[in-house]
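Let me begin by presenting the structure, written as structure tokens, before commenting on it.
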Amino acid sequence: MTKQMKAALTAVLIAGTLSAQAQTTTTPTAKKKAKTSKTAKKAKAPAESALTRELREMREKQAAQQAQIDSLSQQVAAKDAALATAQSSAAKAESDAQTANAQVQGVSSSVQANTDAVNSVKSDVSDLKTANVGLATTISATKTELTEKIDSPLALHYKGITITPVAFFAFEGVWRERSVNSDINTPFNSIPFPGATEGHVSELNFSGRQSRLGGLFEGNAGTFKLSGYFEADFLGTGTSSNNNQSDSYVLRQRQIWGQAATQGGFTVTGGQMWSLVTEDGKGADNRTEKLPNTVDPQYMVGFSWTRQPALRLQQKFGDYKTGAFTIAASVEQAQITNFTVSSTVSAAIPVQYFFGGPGQNGGLYNAAGNIGNGNTASTSGITNYANNVAPDLVFKAAYDNKYSHFELGGLARFLRDYYYSVTSLTGTAALPVYAYGSVEQHNTKSAGGVFGSARASASKYLDVAIQGMAGTGVGRYGSAQLADATLRPDETIEPIKNYHGMFSLESHPTKKLDVYSYYGGEYAKRTIYAVNPTGGGTDLIGYGAPNLSDTGCYTPATNVVSGGSAGSDGSLSTVGSCASPTKYIQEGMIGFTYRVVNSPKFGRLQYQATYSLIQRQLWSGVGSATTPVSPRAQDSMIHFGMRYYIP
């Protein structure tokens, strides 16, 4: 029951009590009327006592109050029922409201879901439109790319092999102040003296023979990355090669090798390649060789190199950008080049020895190549192919980082000759007579040396490098090709001490232009022996004997029919000879390369020009009043060229 209903019931009870009291307490007028009424009733009924009447009245009042109470109870019950009904209706209404609210929320969620779905569909449609546009763009780009790859492939593909062509096409030429009767390739050790006819004439030759053809073949076999490479040019000479009309020079092998490399950095390479002596750009990796920027295919005085058959093993540790250490070793084809032995008297040189011979056509060797000087008082170039006892052994360690490269290595050689020993020497100093034994003997001399290089990029505009080599019997590894060995009086060969080195300064002012300069030099030590020291003989043999005649080095030749270079052919001067061999050759060079076009799609077109000044100094001999103690000759050269490299 609510507080309001209780208050109402209390009010009703109070009102009933007040009404009962009002009925028992009447006014006089009311008493008179009641008395009159009672009188009238008394006339009709017997009178009752006051107590009875009071009891009756109380019962009547009680009955009336009970009636009021019942009525109020009924009202309260009705109100409670109504209230219960109202509460039930309110609960039902609240439940219905909750149900309705839930339905509304469900509808709202459905509407939101529908809205989200619609938005998602709109987004998907928009994305689909974008994707369609992107797909169309991708298809177009892919089509363009495929067309580009078909029309302009970066490489060719055969089964699992990628083939990258390598080629350039060249027009090149050379002007020399003093002729050496040569194409663009310069025989540095034949620079003529004024005593030779060529020392007074210049030469100008054009050439396309250095144009190059080649290819790189690569295949990934999982464990091994397999590679093969070859390159060739036309700087070979056949028996019919000449420049009379057709200029038909033969194709020659420059490099051709195969390689297997593991992911762990171990590499095996076999075939004809640049010697491990040659400076590399990365570790000991093939095809990273650092060559002087010159048109001259003999490169530069002081540059250490050969290209020859070899087997090379190398192991790399680390990364070239952050720091890598490489060790390598190779076994390479051996050869004795420019063997030189001189004496004031040709008869003072023993002749019962050999260390090789001319090549045989049946063995695919020809007689061209290692022809030395023909001095009447010397014996040189008597062989073309050495009878090698062992290959040349080369070892090298290299360190690389992002800005520099360092190398240090060693070379081991073994020079062998066969001879009949000299048993006696008689006759005169002008005409010695040798007696030889009947038993052939052989002698092997160890030779070799050390080499190294350092290269650094001071900035993106400048590279600086220096390289050098020192040892005995290493003349063949220098560009000037100084003598490897000479002869002792007992007919055993003796390696000659050699030094050579080169300094490089290469700048890159713009992306299209390179400007560079080089200086290099090569030295061969005087190596001499007395023919008969116990017999009082004064004849000396070996390399650079100080009593050789140089009287014709500076005296112009007269009535000379055949050409040649003084210092290599003493018959060129009717006044005297120029017999001393080379002591030192040096060359300074400056040049530039300008790339007119440098496109990964169309290739590279470049122009190049270099100027060189070469000086050749002989060992001191016996000269005239006008002949310096140590004769010198020099030559100026300008090489020029235009090359188109395929991309």
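Values quoted throughout were computed directly from the atomic coordinates according to the rules given, and no laboratory measurement underlies them. As the structure is a prediction and not an experimental result, all values here were calculated from the model. Backbone-built Cβ (ideal geometry, glycine too); neighbour counts: all protein chains shown.
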### Message
List the aspartates and glutamates whose Cα sits under 14 Å from the Cα of Lys79, skipping any in the same chain fewer than 8 residues away.
### Response
Asp70
#### Entry: Euclidean distance of C-alpha centroids, the range 234-272 and the range 428-463, integer Å
26 Å
### Task
For the range 200-222 and the range 503-523, compute the distance between their C-alpha centroids and round to whole Å.
21 Å
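What share of Cα pairs, in percent, lie more than 31 angstrom apart in the range 276-541?
Tail fraction, whole percent: 36.
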### Task
Could you work out how far the C-alpha centroid of the range 298-330 sits from that of the range 604-647, in angstrom?
28 Å
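Once you sort the root eigenvalues of the Cα gyration tensor of the range 128-197 as a ≥ b ≥ c, which label holds: rounded (a/c under 1.5), prolate (a/b larger than b/c) or oblate (the other case)?
Numbers: a/c = 7.42, a/b = 3.96, b/c = 1.87.
Taking the square roots of the gyration eigenvalues as a ≥ b ≥ c, the range 128-197 is prolate.
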### Query
Tally Lys and Arg at +1 and Asp and Glu at -1 over the other residues with C-beta under 10 Å from the C-beta of Ser179: what net charge comes out?
-2
### Query
If you take the Cα Rg of the range 311-365 and divide it by 2.2 N^0.38 Å, with N the number of residues, what do you get?
2.17
### Query
So what's the net charge close to Arg526: Lys and Arg +1, Asp and Glu -1, counting the other residues with Cβ under 10 Å from its Cβ?
+3
### Query
So which aspartates and glutamates pass the test for Lys445, namely a Cα distance under 18 Å, with those fewer than 8 places away in the same chain ruled out?
Glu332, Asp392, Asp417, Asp484, Asp490, Glu491, Glu494
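Sum up the charges of everything whose Cβ sits under 12 Å from the Cβ of Gly236, counting Lys and Arg as +1 and Asp and Glu as -1, but leave Gly236 out. Let's see the in-between values first.
Values: positive: Arg209, Arg252, Arg254; negative: Asp183, Asp233.
Residues near Gly236 contribute +1 overall.
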### Query
Given Lys282/Lys511; Lys316/Lys396; Lys396/Lys460; Lys460/Lys601; Lys497/Lys583; Lys225/Lys316, which pairs have Cα atoms separated by over 18 Å?
Lys282/Lys511; Lys396/Lys460; Lys460/Lys601
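With a Förster radius of 22 Å, plug the Cβ-Cβ distance of Ala454 and Ile590 into 1/(1 + (r/R0)^6) and report the FRET value to the nearest 0.05.
Values: r = 22 Å, r/R0 = 0.99.
Computed FRET efficiency for Ala454 and Ile590 comes out at 0.50.
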